[in-house]
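What follows is one structure encoded as structure tokens, with my remarks underneath.
The values are calculated or read from the model by the stated rules, or taken from the named source; none is laboratory data. Predicted model, so just to flag it, every value in this text is computed and none were measured. Methodologically, a virtual Cβ is constructed for each residue, glycine included, from the backbone with ideal geometry; neighbour enumeration extends over all protein chains shown.
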Amino acid sequence: MSFNELNLHASILKAISACGYLTPTAIQAEAIPPAIAGRDLIASAQTGTGKTAAFIIPGLERLTSPGQPGNGPRILVLTPTRELAAQVADSVARYGRFIRMRFGSIVGGMPYPDQVRLLRQPVDLIVATPGRLIDHLERGRIDLSRVEMLVLDEADRMLDMGFTDAVDQIAAATPKKRQTLMFTATMDDQMAGLAGRLLREPSRISISSSKENHESIEQRIHISDNLLHKHKMLHHLLEDPAITQAIIFSATKRDADTLARDLYDRGFSAAALHGDMTQGARTRTLSNLRRGKVRFLVATDVAARGLDINGISHVINFDLPRAAEDYIHRIGRTGRAGANGIAISFVSPADAVYLQRIQRYTGKNVPIHTIPGLEPVSSLAVAGRGGNNTGKRRRPLTEAVPRHYRSVSGSTKSTASKSKSGHQQRGYSQR
Ligand code: AMP
């Protein structure tokens with residue numbers, strides 16, 4: 001199928017062609033026709049499948065015809081995180097560059113005055129995170145009575161983050177006859193409930209399993225005996241010049257800070273990304289990552305979800321996520337735009353249960369790799385049978401780093417040697 005067959009407005013086709021896209025991706029081919037026909041849609045597709053264009057293009061198509069008079073947005077896109085909102089807004093700018101329209105973002109962590117100014121004038125499309133939008137809604141600053149299309153992007157994550165009531169409240173402020181498009185990676189009872197409340201006779205679209213989406217990613221496991229062992233393996237791996245850029249996932253925000261600081265102290269160009277940072281700091285870090293000034297990003301799940309950065313050659317799970325879906329989202333940060341990627345997970349005996357969950361979900365056994373000289377003494381099979389590893393909260397990194405190790409990590413010797421090998425590029429951005 002070609003984009004021409006989708007009967008899109010000439011200005012949209014021109015923008016798509018300017019992006020260099022030759023054919024619609026599977027989700028675009030399946031979602032765009034019913035969405036343009038005005039149908040509600042529930043689509044399970046993950047980031048990396050081209051899902052953003054699958055809802056932005058039908059939204060823009062609507063904007064090529066005049067709407068009702070008024071100031072409020074005609075298209076409203078809700079995303080769980082500010083980063084995803086920024087990416088969606090970026091896509092709106094790219095796909096809508098030849099259309100006369102006004103759009104903007106309403107996200108938390110950004111100054112109010114700009115948003116108030118944006119909302120005072122007529123606006124066609126808004127990308128928003130639920131919390132801040134509710135804030136404006138309750139203060140009577142935004143009128144949602146003109147909304148023709150409501151899009152819930154990563155709806156499952158919005159529910160995970162506790163936005164169920166906010167999403168319901170926002171939807172209730174929009175006209176009943178609106179069109180609703182819902183994108184989710186998972187479908188459970190809570191999601192089905194939300195879909196039941198907000199969608200009318202939706203078309204259901206499910207795009208290739210996660211497994212197929214990640215064929216360009218080689219997955220590996222390294223068994224780790226303890227935290228010190230994880231650190232040693234990480235330092236060894238990061239010496240590999242084949243790692244152009246990596247996202248290293250940690251279990252908590254505090255761990256992300258500690259690990260980024262440790263890597264920085266060792267001379268690596270590393271920075272943290274998590275939800276406790278100000279929006280300004282998050283944006284700066286991401287921009288440094290995109291420009292190659294940061295080589296190793298240490299992130300938490302929420303902050304890194306949906307990040308679309310082509311240069312990420314490796315994802316390293318310093319801690320294994322508990323939910324298999326999070327694993328899929330994490331490894332999907334590499335192997336983008338046709339490139340190959342490598343996803344490495346450190347799995348301690350206590351994590352064996354999470355690994356089992358992931359392997360069941362993906363239907364794939366991930367091969368175990370070892371580093372000569374850093375072979376584990378533990379084995380996962382033993383840990384799996386042990387049965388005492390479920391449901392325990394992992395200790396934060398800072399609590400668990402052995403004292404002698406912490407003092408070693410503060411050494412400046414390795415910083416100097418790393419500089420020589422060219423790994424030290426820029427400063428730690430989260431001081
Ligand atoms: P998304 O899943 O929306 O995050 O998109 C993932 C990546 O695919 C983004 O970098 C898009 O620019 C790119 N993309 C989206 N649609 C197409 C297409 N039809 N052809 C090639 N690349 C695309």
### Query
Restricting the search to the range 27-53, which residues are farther than 19 Å from residue 98 by Cα, within 20 Å of the chain's Cα centre (by Cα) and of a type in the set (Gly, Ala, Ser)?
43, 44, 45, 48, 50
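Taking the options 74, 102, name whichever one is exposed (fewer than 15 other Cβ atoms within 10 Å of the Cβ) and away from the ligand (no atom under 16 Å from the Cβ).
Values: 74 fails: exposed (fewer than 15 other Cβ atoms within 10 Å of the Cβ).
That would be 102, the only listed residue that is exposed (fewer than 15 other Cβ atoms within 10 Å of the Cβ) and away from the ligand (no atom under 16 Å from the Cβ).
Counting only residues that are among the hydrophobic types (A, V, I, L, M, F, W, C) and within 25 Å of residue 25 (Cβ to Cβ), how many does the range 152-193 have?
Just the residues of the range 152-193 that are among the hydrophobic types (A, V, I, L, M, F, W, C), to begin with: 152, 155, 158-159, 161, 163, 166-167, 170-173, 181-183, 185, 187, 191-192.
From what's left, within 25 Å of residue 25 (Cβ to Cβ): 152, 155, 158, 181-183, 185, 187, 191.
Total meeting the criteria: 9.
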### Query
For the range 333-374, how many residues meet the condition of being free of Cβ contacts under 8 Å to residues at least 12 places away in the same chain and surrounded by 13 or more Cβ atoms within 10 Å (Cβ to Cβ)?
1
### Task
Among the residues of the range 1-12, count how many are surrounded by fewer than 20 Cβ atoms within 10 Å (Cβ to Cβ) and either more than 12 Å from the ligand (Cβ to nearest atom) or within 25 Å of the chain's Cα centre (by Cα) (or both).
6
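Condition check ((1) over 20 Å from residue 149 (Cβ atoms); (2) out of contact with any Asp or Glu (no Cβ under 8 Å at 6 or more places or on another chain); (3) assigned by TED's automatic domain parsing to the domain that holds residue 39) across all residues:
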| site | (1), (2), (3) |
| --- | --- |
| 186 | yes, no, yes |
| 192 | yes, yes, yes |
| 200 | no, no, yes |
| 222 | yes, yes, no |
| 229 | yes, yes, no |
| 234 | yes, yes, no |
| 241 | yes, yes, no |
### Task
Evaluate the following for residue 199: is it surrounded by 18 or more Cβ atoms within 10 Å (Cβ to Cβ) and at pLDDT 95 or above?
yes
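Select from the range 241-267 the residues that are of a type in the set (D, E, K, R) and closer than 21 Å to residue 288 by Cβ and write down the one among them that is modelled with the lowest pLDDT. Full working, then the answer.
Our first condition is that a residue be of a type in the set (D, E, K, R); within the range 241-267, this holds for 253-255, 257, 261-262, 265-266.
Now restrict to residues that are closer than 21 Å to residue 288 by Cβ: 253, 255, 257, 261-262, 265-266.
Details: 253: 90, 255: 93, 257: 94, 261: 95, 262: 95, 265: 94, 266: 93.
It comes out as 253.
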### Summary
All conditions in (1) out of contact with any Gly (no Cβ under 8 Å at 6 or more places or on another chain); (2) crowded, with 16+ Cβ neighbours inside 10 Å; (3) assigned to a helix (DSSP H, G or I) are true of residue 190 except (2)
### Query
Out of all the residues in the range 352-381, which are at pLDDT below 85 and closer than 13 Å to residue 230 by Cα?
378
### Enumeration of residues in the range 43-65 that are within 14 Å of the ligand (Cβ to nearest atom), free of Cβ contacts under 8 Å to residues at least 60 places away in the same chain and not hydrophobic (A, V, I, L, M, F, W, C)
50
### Query
If you take just the helices (runs of 4 or more DSSP H) that sit entirely in the range 222-302, which of them hold at least 2 residues that are among the small types (Gly, Ala, Ser) and under 30 Å from residue 352 (Cα atoms)?
253-265
### Query
Among the residues of the range 24-42, is there at least one that is more than 9 Å from the ligand (Cβ to nearest atom), touching a residue at least 12 places away in the same chain (Cβ under 8 Å) and loosely packed, with under 15 Cβ neighbours inside 10 Å?
yes
